[in-house]
1. Take A143 and decide whether it is in contact with a Leu (Cβ under 6 Å, 6 or more places away or on another chain), within 14 Å of R176 (Cβ to Cβ) and aliphatic (A, V, I, L, M).
2. Just to be sure before I move on: is G153 free of Cβ contacts under 8 Å to residues at least 40 places away in the same chain and assigned to a strand (DSSP E or B) in the structure I sent?
3. Considering region 60-85 alone, what residues qualify as being touching an Asp or Glu at 6+ places or on another chain (Cβ under 9 Å) and over 14 Å from R43 (Cα atoms)?
4. Could you tell me whether F140 is over 21 Å from L50 (Cβ atoms), of a type in the set (F, W, Y) and assigned to a strand (DSSP E or B)?
5. For region 115-124, state whether one or more residues are under 24 Å from N41 (Cβ atoms) and surrounded by 14 or more Cβ atoms within 10 Å (Cβ to Cβ).
6. Counting only residues that are open to solvent by 50 Å² or more (accessible area, probe 1.4 Å) and part of a strand (DSSP E or B), which one in region 78-87 is nearest to N126 (Cα to Cα)?
7. Take the conditions free of Cβ contacts under 8 Å to residues at least 60 places away in the same chain and assigned to a strand (DSSP E or B) and apply them to L102. Does it pass?
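The values are calculated or read from the model by the stated rules, or taken from the named source; none is laboratory data. These numbers were taken from a predicted model, which means no experiment stands behind them. Every residue, glycine among them, receives a Cβ derived from its backbone with ideal geometry; neighbour counts consider all protein chains shown. With ligands, DNA and RNA removed, areas are computed over all heavy atoms of the protein, side chains included. Shrake-Rupley method; radii C 1.70, N 1.55, O 1.52, S 1.80 Å.
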Amino acid sequence: MKIESFNSPKIIILSILSCFFMTFANAQDNLPQEKSEFWKNVRFGGGLGLSTGSNFFSATLAPTAIYQFDNAFALGVGLNGTYNKSKNVYKSTILGASILGLYSPIRDIQLSGEFEQNHVNRNFDNPAIVDDTYWVPSFFVGAGYTTNNVTIGIRYDVLYDEDKSIYANAWVPFVRVFF
């Protein structure tokens, strides 16, 4: 019988994300019944990702909070965590944070800029390939169509590095949801 160690990447990621959401939920319970002006302008959202295939698994959790200054401009921060595993090839853990700016020149169009910094830890099953750990930045400029609280669009990473990026290419489609 094999007992997994407590420093497994899965356990670390789940622990960090659990603490984040428990703290967030507790903070929401402790807010006064009438929200201050600040909290009336804060919106929460983010993304979830799950991918499975032939001997492959990937899961992503990326919560985001923005402050809506007015109908046109918002600024926010995000966290993200991803775990990837390709059976008999590699395992990777990606943890990061981002700063996001949103601008809507007209109601249905959203322009965005986002700086993202990710820490990547890749462990290969083949001893001939060296495991690596590194930081990789991304700077996205994007545009999307907004309806209600959902925006669908595409963004481009101007810092894209084919060897280090966590994305398949510089063009990345997105769906944003804020409540």
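1. Values: in contact with a Leu (Cβ under 6 Å, 6 or more places away or on another chain): yes; within 14 Å of R176 (Cβ to Cβ): yes; aliphatic (A, V, I, L, M): yes.
Considered against the rule, which asks whether it is in contact with a Leu (Cβ under 6 Å, 6 or more places away or on another chain), within 14 Å of R176 (Cβ to Cβ) and aliphatic (A, V, I, L, M), A143 comes out as yes.
2. Details: free of Cβ contacts under 8 Å to residues at least 40 places away in the same chain: no; assigned to a strand (DSSP E or B): yes.
Answer is no for this residue.
3. Filtering region 60-85 down to residues touching an Asp or Glu at 6+ places or on another chain (Cβ under 9 Å) leaves 78, 80.
The one that is touching an Asp or Glu at 6+ places or on another chain (Cβ under 9 Å) and over 14 Å from R43 (Cα atoms): N80.
4. Details: over 21 Å from L50 (Cβ atoms): yes; of a type in the set (F, W, Y): yes; assigned to a strand (DSSP E or B): yes.
Against the criterion (over 21 Å from L50 (Cβ atoms), of a type in the set (F, W, Y) and assigned to a strand (DSSP E or B)), F140 qualifies.
5. Taking region 115-124 and keeping what is under 24 Å from N41 (Cβ atoms), we get 115-116.
Next, only the ones that are surrounded by 14 or more Cβ atoms within 10 Å (Cβ to Cβ) stay: 115-116.
Yes, region 115-124 contains a residue that is under 24 Å from N41 (Cβ atoms) and surrounded by 14 or more Cβ atoms within 10 Å (Cβ to Cβ).
6. First pass over region 78-87, keeping only residues open to solvent by 50 Å² or more (accessible area, probe 1.4 Å): 79, 85, 87.
After this cut, where a residue has to be part of a strand (DSSP E or B) as well, the list is 79, 85.
Values: L79: 31, K85: 14 Å.
Residue satisfying both the conditions and the ranking: K85.
7. Details: free of Cβ contacts under 8 Å to residues at least 60 places away in the same chain: yes; assigned to a strand (DSSP E or B): yes.
Judged against the criteria, L102 is a match.
Table: residues versus (1) within 20 Å of K164 (Cα to Cα); (2) without any contact (Cβ under 8 Å) to a residue 40 or more places away in the chain; (3) surrounded by 15 or more Cβ atoms within 10 Å (Cβ to Cβ).
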position	(1), (2), (3)
G49	no, yes, no
L61	no, no, yes
T64	no, no, yes
Y67	no, yes, no
D70	no, yes, no
G76	no, yes, yes
V89	yes, yes, no
